[in-house]
Amino acid sequence: KGVVSEPVWNLSQHSAGLAIHFYSNAPQIKVRYTVTGSVNMPHMPSTGVSGVDLYSINSDGEWHFCFGNYSFKDTITYTYNNIGKDRYHKQGFEYRLYLPLYNGVKWLEIGIPEDAKLEFIPVSPEKPIVLYGTSIAQGACASRPAMAWGTILQRSLDYPLINLGFSGNGKLAKEVLQFIGEMDARLYILDCMPNLPNQKEEDVTALAIAAVKQLREKHSAPILLIEHGGYSNMYMDSIKYNEVTQVNRASRKAYEQIQSEGIKDVYYLSREDLNIPSDGWVDYVHPSDFGMKQQAIVVERKVREILHIPLGSLTTTIPVTQRR
């Protein structure tokens, strides 16, 4: 506070990307909490803005979405009933409870029957992936928290992922990058181009180069630069088309200069690589779940290439975390 801009500070209080990990053998789980802001937005439902998302993981490492009956009042409640048992034991499932994308959480309680057990899981010692981006990275306009593309990526790779998506304010700010540089990550993803289309082309190029060099002062971990994924209406609105074309041209110039200067382990994804389908948006720029999934698939493919995490189609080549 006082170092980053006021909008970034305020948005940093949102819980996008955060999850509570725990084990429980409870046949019923009830979650109740209150949030700091409005429950929904015109283009994004309550379940995405202010809802939670529960996933179970069984002993074979299989993930399952848990649907809970929900009520959005002063206190928001989610109730999960008739929960079965793991096939191997009675110790219950591992759970991930993903918190709201576009709200802060004032307080939260997880309730279970008195004769059931619940045990919280400590923070993972694994190095995280750090994602710095815009409203899209923060999760607009996913229908529920776990459908933000960064969180889809987190579940696919099963590494910690720190979501630093700031709606309207992902602008490669050196103050934010200073804090990102304090984190020893396995990969840094910079996805800020959607918040930079109204700046001069040369300024965007300079910002991107400076961001990479600032991170390189402290870390040698790979850096992935992502272009503006485009607008849904860019082929029908000449102004929007020019905005995307200009900011991505600036981004590409930055990448080419970084390459020419011999800065190593910097990678790139273009708008064409992302290939967001025409049905992939809620409005002109924010992805639907469909668009989020598309971006997650493309980024995951690139991340696996960068970090040398192969994935085959045979069961013996698909990594699974088993907890028996």
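Only protein atoms count toward the accessible area here, which uses a 1.4 Å probe; on the chain, the carbon and sulfur part of that area reaches 50 percent.
When the Cα positions of 66, 215, 151 are compared along the charge dipole of the chain, 66 comes out farthest toward the positive end, with charges on each C-beta of Lys, Arg, Asp and Glu. Per the Cα gyration tensor, segment 174-231 maps to an equivalent ellipsoid with semi-axes of 21, 13, 9 Å, ordered largest to smallest.
For the chain, a crude dipole built from +1 on the beta carbon of Lys and Arg and -1 on the beta carbon of Asp and Glu, taken about the Cα centre, is about 440 debye to the nearest 20. Remark: the Cα gyration tensor places segment 168-324 in the oblate category, a/c being 1.5 or greater and a/b not exceeding b/c.
Which listed residue (195, 18, 178) has the Cα farthest towards the positive end of the charge dipole for the chain, taking +1 on Lys and Arg C-beta and -1 on Asp and Glu C-beta about the Cα centre? Farthest towards the positive pole: 18.
Between residue 65 and residue 126, the modelled labels are 2.2 nm apart [label points 7 Å from Cα along Cα→Cβ].
For the ranges 57-63, 1-7, what's the packing order if you count other beta-carbon atoms within 10 Å of each residue, average per peptide, and put the highest first?
The packing order, highest mean first, is 57-63, 1-7.
When you work out D = kT/(6 pi eta Rh) for segment 88-146 at 4 °C and 1.567 mPa s, using the Kirkwood radius from C-alpha pairs as Rh and the Stokes-Einstein form, the result is 86 µm²/s. With just the Cα atoms defining each centre, how far is segment 30-48 from segment 87-135? Give it in Å. Each part reduced to its Cα centre gives a spacing of 18 Å. For segment 1-66, the per residue solvent-accessible surface stands at 46 Å², with DNA, RNA and ligands left out and a 1.4 Å probe. Assuming charge only on the beta carbon of Lys and Arg (+1) and of Asp and Glu (-1), the dipole of segment 135-185 about its Cα centre is about 240 debye to the nearest 20.
D by Stokes-Einstein for the chain, Kirkwood Rh over Cα pairs, 25 °C, 0.890 mPa s: 119 µm²/s.
This model, with +1 at the C-beta of Lys and Arg and -1 at the C-beta of Asp and Glu, gives segment 175-258 a dipole about its Cα centre of some 200 debye. Peptide packing for 197-208, 24-35, 142-153 was compared via the average number of neighbouring C-beta atoms within 10 Å per residue; ordered from the highest value, the list is 142-153, 24-35, 197-208.
The values are calculated or read from the model by the stated rules, or taken from the named source; none is laboratory data. These numbers come from a predicted model, not from an experiment. Don't worry about glycine lacking a Cβ; one is built from the backbone with ideal geometry, like all the others, and counts go over all protein chains shown. Accessible surface areas use protein heavy atoms only, side chains included; no ligands, DNA or RNA. Shrake-Rupley method; radii C 1.70, N 1.55, O 1.52, S 1.80 Å.
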